[in-house]
Structure formats: C-alpha cells, structure tokens
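The structure under discussion appears below in the form of structure tokens.
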Amino acid sequence: MATTNLKDTLEHQVPSSPARTKAKVEQLKQDSEIKKALEQTAGLREPASLTVNKKQKMFLGTYVVILLSLGALYYLLRLHVFNIGDTLIAFLQRADLGGLAIATVVAIGKSIDVYLIDRVDDAVAEYNIRRILKLVTALVIALILISVLFVNWYTAVVSLGVFSLILDHFHQLYRLDLYSRSRAVSRW
C-alpha cells in the first residue's frame, strides 16, 4: 500500500513526457521568486544600463532653469526694483519662495523616480513605490501652498481647526436630528 502511494506521488511530481516537462519548466519560470533565483544563479551578466535617457535629463534641466529664474525674481523683489506697494512685495516674495520650494520638491521627486525607482526589478513594487512618492510629493506641495497663503502656521492651523469644529458641530446636529426622527417614527 505504501509503495503504491509512493509510486502515485512520483508519477504526479515527475511528468512522463518531455513536452509536459518543458511546459512545467516554463510555468515555473513565470513565478517571480523563481525568476529572481534564476537571475541570481545565472552567473555574471551585463549590468542594466545606468544611463538616463535624454528626455529625462532635459526635463530635469527645465527645473534648474525654473529655479534659477525664480531665484533671480526673488532677488529683484528683495532689492525693491519693482515700484509696487510693500504688502504686495511681501506677498510676491512669499509666493516666489513657495514657487521655489514647489519646483525643488517636484525636481527631487522626479529625480528619485528617474534615478532610483526605475532601477527596481519588480513591476508591482515599482508601481507602489511610485504611487507613494507621488502621494508624499502632493502632501508636501499642499503644505507649501498653505504656508504661502497664510502668513504664519498658527493662523492656518486655527482656521482649519475652527472649520473642522464647525463641520463636526453640523454633523452632530444632523445625526441628532436623524436620531430624533427615527425615534419618533418607531413610537408610532
């Protein structure tokens, strides 16, 4: 009985024909963990190209030009070259610094994407890392915009806090109204 079980097990594990063997090998090669193991044991192979294509370099060069032009504009605003009001100059300086910060964050995010994330072998991990990078970049840009719009952080935090309290208050009133209506209907 034990020998027949062993024989059946061997027949299921070892394919009998070369075509079935080849199909099983191809099926196993599709597994990502087996692919990694095969690549590691394959020996020396040519390293992946570490060059970045010209389009990406031009894209990053555009950010350098934008940073230089915004820096020059900030310098001119600090020298009061433009004859406009002091409050407008203060706002334009904050907006220019915000633009500099946003351009820097986007350039850093693009550089990380081009030079680091493109080197990831696994497509799923590459996609997830790229989405996380975009989320973090968007959050930092939102914080920069808030800091440009509001003169100081305390005002921004208080205004957001008061707004959320007002929304919470209306939400509580709405829930209380629905609760009282449901109790009135259930009495009948």
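The values are calculated or read from the model by the stated rules, or taken from the named source; none is laboratory data. On a predicted model such as this, the values are computed, not experimentally measured, just so you know. Neighbour counts are summed over all protein chains in view; Cβ atoms, including those assigned to glycine, are modelled from backbone coordinates with ideal geometry.
A few remarks follow.
- Per the listing ARG181, ARG94, ARG131, the residue uniquely over 30 Å from LYS55 (Cβ atoms), modelled with pLDDT of 90 or more, part of a helix (DSSP H, G or I) and among the basic types (Lys, Arg) is ARG94.
- You will find that of LEU135, LEU116, LEU139, the residue that is closer than 30 Å to LEU77 by Cα, loosely packed, with under 12 Cβ neighbours inside 10 Å, within 14 Å of the chain's Cα centre (by Cα) and assigned by TED's automatic domain parsing to the domain that holds LEU67 is LEU139 and no other.
- Odd one out for ALA107 among (1) surrounded by 15 or more Cβ atoms within 10 Å (Cβ to Cβ); (2) farther than 22 Å from VAL148 by Cα; (3) free of Cβ contacts under 8 Å to residues at least 60 places away in the same chain; (4) among the aliphatic types (A, V, I, L, M): (2)
- Cβ-Cβ under 8 Å pairs, at least 6 apart or on other chains, the range 122-138 side within 15 Å of LYS110 (Cα to Cα), far side of a type outside the set (Ser, Thr, Tyr) and not in a helix (DSSP H, G or I): GLU126/VAL120; ILE129/VAL120
- Residues in the range 119-132 that are surrounded by 14 or more Cβ atoms within 10 Å (Cβ to Cβ) and among the aliphatic types (A, V, I, L, M): VAL120, ILE129.
- Residue match in the range 56-66 (condition: at pLDDT 90 or above, closer than 18 Å to LEU145 by Cα and assigned by TED's automatic domain parsing to the domain that holds VAL120): yes
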